[in-house]
């Protein structure tokens, strides 16, 4: 399958998606009956075996001491491949219509410093067909280092101070501003600059809770924006597993909770996407291939 690419906008399209005119009747009915995204959530909690993946990362670092690849980078690379192959995951619902993106944008939050009171910043990765797990690693490390740069932190602080000045406005003014934003979002007229910076307009939002020692949790979707998929990742842990031949083996696992908007696809489709994700995590060497190159297990 070819990698998802930009398409020319037509009448009825939004800045962030193309109008889907041919969708199953059940999906069209659900879009009309269930207006809010938060009313249409389906979740899946998975305990993923990532033993092969962690061994792969260890081998890469032993071969090259400068290798910076981590589990999270591999997870994003695997998710990118899954979304590209399971195109319904690119869809979203807004204003009682189904749309489909022509890019894969994955966003997550990152702490500016490992302190309780440290601010969080949004990092977004937009996939390209020539990317692979190594370019994903490089891109994310550069983005995270950027938000932790002292000059960038000062700039963000100024932006924050400017935004906080809005809190001095009367409540009715703030409510009016939010109504305008929601109306612009509903009709797809928000400025491209706003959509670019807002994670609510991502293909998928991730929360790597394992990085701060927490387990995965259920996290709701948002009615605002166009994100149809929220994934939380828990801490990596080991446990004894009884294998098929009867012997016990220590394996590495991670808990992942995924929330989908069921109006874009049925449960069987989501389950197959999760199965595909497991295959990529079990065969991490395939993530070295460009996303635009088809692979076989």
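Residue check: residue 234 meets all listed conditions (1) modelled with pLDDT of 95 or more; (2) surrounded by fewer than 16 Cβ atoms within 10 Å (Cβ to Cβ) but one, namely (2).
Can residue 93 be described as farther than 30 Å from residue 282 by Cα, buried (at least 17 other Cβ atoms within 10 Å of the Cβ), at pLDDT 95 or above and over 18 Å from the mean Cα position of the chain (by Cα)? Judged against the criteria, residue 93 is not a match.
So is residue 293 part of a helix (DSSP H, G or I) and over 20 Å from the mean Cα position of the chain (by Cα) or not? The answer is no for residue 293.
Of all residues in the stretch 98-109, those satisfying the criterion of being farther than 15 Å from residue 231 by Cα and assigned to a strand (DSSP E or B) are 98, 99, 100. Restricting 209, 221 to those that are within 30 Å of residue 182 (Cα to Cα) and at pLDDT below 95 reduces the list to 209.
In the stretch 23-47, the residues that are over 12 Å from residue 220 (Cα atoms) form no Cβ pair under 6 Å with any partner that is in a helix (DSSP H, G or I) and modelled with pLDDT under 95, whether six or more places apart or across chains.
So is residue 264 assigned to a loop (DSSP other than H, G, I, E, B), buried (at least 22 other Cβ atoms within 10 Å of the Cβ) and at pLDDT 95 or above or not? Here the answer is yes, as residue 264 does meet what is asked.
Going through the stretch 84-97 one residue at a time, which ones are closer than 16 Å to residue 188 by Cα and either assigned to a loop (DSSP other than H, G, I, E, B) or touching a helix residue (DSSP H, G or I) at 6+ places or on another chain (Cβ under 6 Å) (or both)? Of everything in the stretch 84-97, those that are closer than 16 Å to residue 188 by Cα and either assigned to a loop (DSSP other than H, G, I, E, B) or touching a helix residue (DSSP H, G or I) at 6+ places or on another chain (Cβ under 6 Å) (or both) turn out to be 93, 95, 96.
Listed by first and then second residue, the pairs linking a residue in the stretch 164-193 that is without any contact (Cβ under 8 Å) to a residue 12 or more places away in the chain to a residue that is outside any helix (DSSP H, G or I), with Cβ atoms under 6 Å apart and 6 or more places separating them unless they lie on different chains, are 184/190.
When residue 53 is tested against the conditions (1) under 20 Å from the mean Cα position of the chain (by Cα); (2) under 20 Å from residue 270 (Cα atoms); (3) not in a loop (DSSP other than H, G, I, E, B), the lone failure is (2). The set of residues from the stretch 208-222 being crowded, with 20+ Cβ neighbours inside 10 Å and within 14 Å of the chain's Cα centre (by Cα) comprises 208, 221. Does residue 194 fit the bill of being surrounded by fewer than 19 Cβ atoms within 10 Å (Cβ to Cβ), more than 20 Å from the chain's Cα centre (by Cα) and either at pLDDT below 90 or not in a strand (DSSP E or B) (or both)? Against the criterion (surrounded by fewer than 19 Cβ atoms within 10 Å (Cβ to Cβ), more than 20 Å from the chain's Cα centre (by Cα) and either at pLDDT below 90 or not in a strand (DSSP E or B) (or both)), residue 194 does not qualify. Check whether at least one residue in the stretch 211-228 is part of a helix (DSSP H, G or I) and within 21 Å of residue 109 (Cα to Cα), and report yes or no. Yes, the stretch 211-228 contains at least one residue that is part of a helix (DSSP H, G or I) and within 21 Å of residue 109 (Cα to Cα). For the stretch 1-29, the set of residues classified as buried (at least 18 other Cβ atoms within 10 Å of the Cβ) and assigned to a helix (DSSP H, G or I) consists of 27 only.
The values are calculated or read from the model by the stated rules, or taken from the named source; none is laboratory data. Model, not experiment: these values are computed from the prediction. Here Cβ is always computed from backbone atoms with ideal geometry, including for glycine, and neighbour counts include all displayed protein chains.
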